[in-house]
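The structure appears below as structure tokens.
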Number of protein chains: 2
Amino acid sequence: MAFQVLRKEGFARLGQLTLAHGVVETPVFMPVGTYGVVKTQSPQELKQLGTQILLGNTYHLFLRPGLEILEKWGGLHAFMNWQGPILTDSGGFQVFSLGTLRKITDEGARFRSPLNGDEIFLTPELAAKIQQVIGSDIAMVLDECIALPATPAQIESAVKRSAQWAERFFEVPSLPGQKRYAILQGGTSLEFRKLSWELSQKLPMDGLAIGGLSVGEPHHEMIMILEGLAPLLPAELPHYLMGVGTPRDILEAVRCGVDQFDCVLPTRNARNGGFFTQNGLLNIRNAEFKWDSGPIDENCRCECCSNYSRAYLRHLFQVKEILGCRLATTHNLYYYHSFLKQIREALQQGRFQAFYEAHQPVLAQAYPDRWERSLEENKKESL
Amino acid sequence: MAFQVLRKEGFARLGQLTLAHGVVETPVFMPVGTYGVVKTQSPQELKQLGTQILLGNTYHLFLRPGLEILEKWGGLHAFMNWQGPILTDSGGFQVFSLGTLRKITDEGARFRSPLNGDEIFLTPELAAKIQQVIGSDIAMVLDECIALPATPAQIESAVKRSAQWAERFFEVPSLPGQKRYAILQGGTSLEFRKLSWELSQKLPMDGLAIGGLSVGEPHHEMIMILEGLAPLLPAELPHYLMGVGTPRDILEAVRCGVDQFDCVLPTRNARNGGFFTQNGLLNIRNAEFKWDSGPIDENCRCECCSNYSRAYLRHLFQVKEILGCRLATTHNLYYYHSFLKQIREALQQGRFQAFYEAHQPVLAQAYPDRWERSLEENKKESL
């Protein structure tokens with residue numbers, strides 16, 4: 001079996017996912033490497049930070065460098081010189097983000113290339129083909145994502161269309177060694193989530209993803225869906241929560257049986273001077289850090305915290321030096337990987353529940369969603 | 001003695017410069033770390049690349065982070081976490097670059113802070129004080145730089161004012177452990193250069209710099225000045241050619257007895273996709289590299305050339321990923337440091353003349369100045 005559950009505690013699982021380019025310990029965080037690079041980081045650095053598996057964006061890689069280049073190199077691994085596992089999304093979320101610039105029918109999604117205006121018609125079959133050319137270890141079905149809030153009719157339509165697309169996706173002969181995951185849609189309606197599962201369950205999937213969350217709904221609604229889905233998710237398959245989230249989201253989702261995560265938060269916040277800590281996002285641009293000779297986090301062993309003061313890091317952002325953004329990315333990815341490692345250790349030692357109870361209240365306060373914060377705080381923060 | 005000449009061949013010297021933060025083998029290239037950081041690189045990486053000594057810009061550091069911060073940290077070394085030697089310029093060149101925004105009198109240079117409009121009055125005494133707060137291993141006198149071409153009267157005036165400023169600079173009690181260099185001005189007139197030397201020679205200098213070159217004059221005029229100065233430069237002191245230059249410039253200057261160099265070319269070109277090679281600057285954005293699976297330079301052992309193809313590097317620049325700029329900086333600094341190391345080895349082995357004869361024609365073709373190129377080529381290139 002590609003996926004093995006080593007320990008269970010409630011719905012939470014410690015697992016091992018064996019892929020073409022290596023074994024991944026789960027629960028795992030997958031940094032986002034949109035264009036065949038995790039912003040500011042080299043593949044060697046990612047490995048040193050504890051990265052086990054990367055995410056690549058099908059939509060972006062299709063545009064640049066494009067399939068011809070990737071074909072010549074025999075896939076993304078060789079092109080970017082990353083020897084570990086890669087998961088690719090299907091491009092569905094990016095097409096959804098194009099808003100009115102795309103037209104979605106039962107056939108697929110039609111849009112124009114932002115580079116040269118060429119018409120592109122992304123179908124489930126093309127999404128499968130692109131991901132085969134990329135040569136990812138895990139490929140995702142093409143799904144239809146919708147914005148929340150949405151009407152029941154809109155949600156139902158997206159669930160059914162996604163199920164049809166998933167069937168077409170799995171009809172494409174698979175690439176040897178490549179795992180394929182289905183995706184559940186259904187917004188924040190548990191009923192539609194169950195429908196999505198019923199329509200998907202017969203697919204020959206190697207893993208199951210939960211899509212269409214963390215797209216604007218309150219935190220508690222996401223948790224409600226995850227709690228509702230937890231008993232339904234197939235126990236023998238890895239569960240991947242797409243595009244999520246804060247450390248708090250991740251802790252809750254692990255409790256609900258999720259094994260894989262990806263999110264732009266650690267890399268995107270780094271570019272704006274946001275450093276992840278147990279006590280929330282620290283914005284290094286704040287004037288209070290001008291004289292601060294301490295590290296971002298005294299207990300952190302990353303390259304950034306081992307070598308540089310808050311005052312120096314603030315200076316780097318003040319003068320717009322790239323090293324600031326690099327060091328913030330280094331710290332944030334280290335923070336995420338260390339947090340997941342702590343979770344795996346707790347699961348290994350049968351004390352995940354205690355870990356959850358100790359950390360959940362702290363993280364809930366450190367990472368409130370925008371519905372839990374004042375207008376004033378929302379203006380200042382940008383999680 | 002702080003400076004020891006170990007070998008001589010013609011005017012070229014192999015030397016050893018003992019500074020407060022370490023010993024520097026000369027001839028040496030000093031990367032430019034304007035704001036307390038060499039763009040995109042961490043101090044550890046610089047050391048691995050072979051950097052022996054950094055340059056910091058007094059003007060920029062005075063503005064940000066400012067003297068109060070540097071004083072609290074006890075200098076730039078601790079603030080930026082670089083344990084090796086640092087040379088600081090005096091701010092003269094940056095003030096000169098402000099053009100009509102500054103007013104220069106015999107007293108000093110008056111200008112407004114680009115940050116907050118505050119009036120700043122940079123005097124020889126203040127330049128000395130700032131560099132003492134920075135705590136650099138080598139401090140430079142404040143000089144008056146002028147643009148070329150200039151009238152004889154303008155050049156003479158700058159030479160005389162620079163000499164007066166240098167006297168005032170050396171009247172400031174020195175910081176224990178800090179070396180102080182005088183600067184020769186005089187444009188491309190050997191006569192005024194000699195005057196500058198006559199007016200400076202009694203100063204208690206630890207080294208002598210040649211300023212005001214590589215500011216727009218043709219390559220051959222710079223070489224003529226260097227050749228004319230070579231027999232005049234004090235043999236027991238280190239000679240530093242400020243702000244120079246291409247690998248070709250450096251080879252010629254070593255032949256004329258220069259020991260220290262700084263230049264923004266390797267870091268600035270990196271940001272635009274320019275990679276230094278023996279055959280000239282390779283612009284990775286060019287379409288011809290789209291399918292090129294080879295490294296920038298097959299014989300280069302740097303991290304960039306050991307791991308990435310030209311096609312991938314071009315892709316990084318196409319999608320504006322910071323890793324591209326980082327890897328180009330890594331390669332270019334490695335190239336410069338390796339080139340200087342080859343020169344030192346040739347001097348050590350008494351074969352500098354042969355080295356010069358083998359490399360000079362190649363580099364002259366690879367790095368023509370804008371006077372030697374066609375209008376067409378000048379449009380394309382930006383050395």
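Points worth noting:
- Cysteine residues of the protein assembly as shown whose Cβ has no partner cysteine Cβ closer than 4.7 Å: A:Cys145, A:Cys256, A:Cys263, A:Cys302, A:Cys304, A:Cys325, B:Cys145, B:Cys256, B:Cys263, B:Cys302, B:Cys304, B:Cys325.
- Closest Cβ on chain A to the rotation axis that carries it onto B (distance rounded to whole Å): A:Ile322, 3
- The listed peptides A:117-126, A:369-378, ordered by packing as a protection proxy, come out as A:117-126, A:369-378 (highest mean of other Cβ atoms within 10 Å first).
- Measuring between their Cα centroids, region A:193-256 and region B:41-65 lie 48 Å from each other.
- Selected from B:Pro238, B:Pro247, B:Pro218 as most flexible by GNM, with chain B as the system and alpha-carbon contacts under 10 Å: B:Pro218
- Fraction of antiparallel bridges per DSSP, the protein assembly as shown only, in percent to nearest 5: 50
- Summing +1 for each Lys or Arg and -1 for each Asp or Glu among the other residues whose beta-carbon sits under 10 angstrom from that of B:Met205 gives +2.
- For peptides A:258-271, B:192-205, B:73-86, sequence by mean Cβ density within 10 Å, most packed first: A:258-271, B:73-86, B:192-205
- 7 Å along Cα→Cβ, label-point gaps from B:Glu125 to other copies, nm, shortest first: 8.4
- Between the residues A:Leu203, A:Leu46, A:Gly117, the greatest Cα displacement towards the positive end of the dipole of region A:3-263, with unit charges on the Cβ of Lys, Arg, Asp and Glu, is found for A:Leu46.
- Helix-only arithmetic for the protein assembly as shown: the sum of -39500 (n - 2.57) across DSSP H runs with n ≥ 4, divided by the residue total, places the mean residue ellipticity at 222 nm at -12500 deg cm²/dmol.
- Other protein chain Cβ atoms within 10 Å, averaged over every residue that makes up B:32-44: 4
- 7 Å along Cα→Cβ, label-point gaps from B:Asn299 to other copies, nm, shortest first: 5.4
- Taking Cα centre as origin and charging only the Cβ of basic (Lys, Arg, +1) and acidic (Asp, Glu, -1) residues, the dipole magnitude of region B:143-189 rounds to 120 debye.
- Placing a label point 7 Å from the Cα of A:Ala2 along the Cα-to-Cβ direction, the distances to the matching points in the other copies come to 6.5 nm, shortest first.
- Listed from fewest to most Cβ neighbours within 10 Å, the set A:Trp291, B:Trp165 follows the order A:Trp291, B:Trp165.
- Rounded to 5, percent antiparallel among DSSP beta bridges of chain B: 50
- For region A:229-308, the set of GluC sites (Glu not before Pro) satisfying both a DSSP loop assignment and a count of at most 16 other C-beta atoms within 10 Å is given as A:Glu236, A:Glu298.
- Inter-chain shielding of B:78-84 (mean C-beta neighbours from other protein chains, 10 Å cut-off): 3
- Partners for A:Lys47 among aspartates and glutamates (Cα-Cα distance below 15 Å; same-chain residues under 8 apart left out): A:Glu25, A:Glu303
- Across A:Lys8/A:Lys160; A:Lys39/A:Lys379; A:Lys179/A:Lys320; B:Lys72/B:Lys202; A:Lys103/B:Lys290, pairs whose alpha-carbon gap is larger than 30 Å: A:Lys8/A:Lys160; A:Lys179/A:Lys320; B:Lys72/B:Lys202; A:Lys103/B:Lys290
- Peptide-level mean, for A:303-311, of C-beta atoms on other protein chains within 10 Å: 3
A short reminder: the numbers here are calculations on the coordinates, not readings from a lab. These numbers were taken from a predicted model, which means no experiment stands behind them. Positions of Cβ are backbone-derived with ideal geometry, glycine not excepted, and every protein chain shown enters the neighbour counts.
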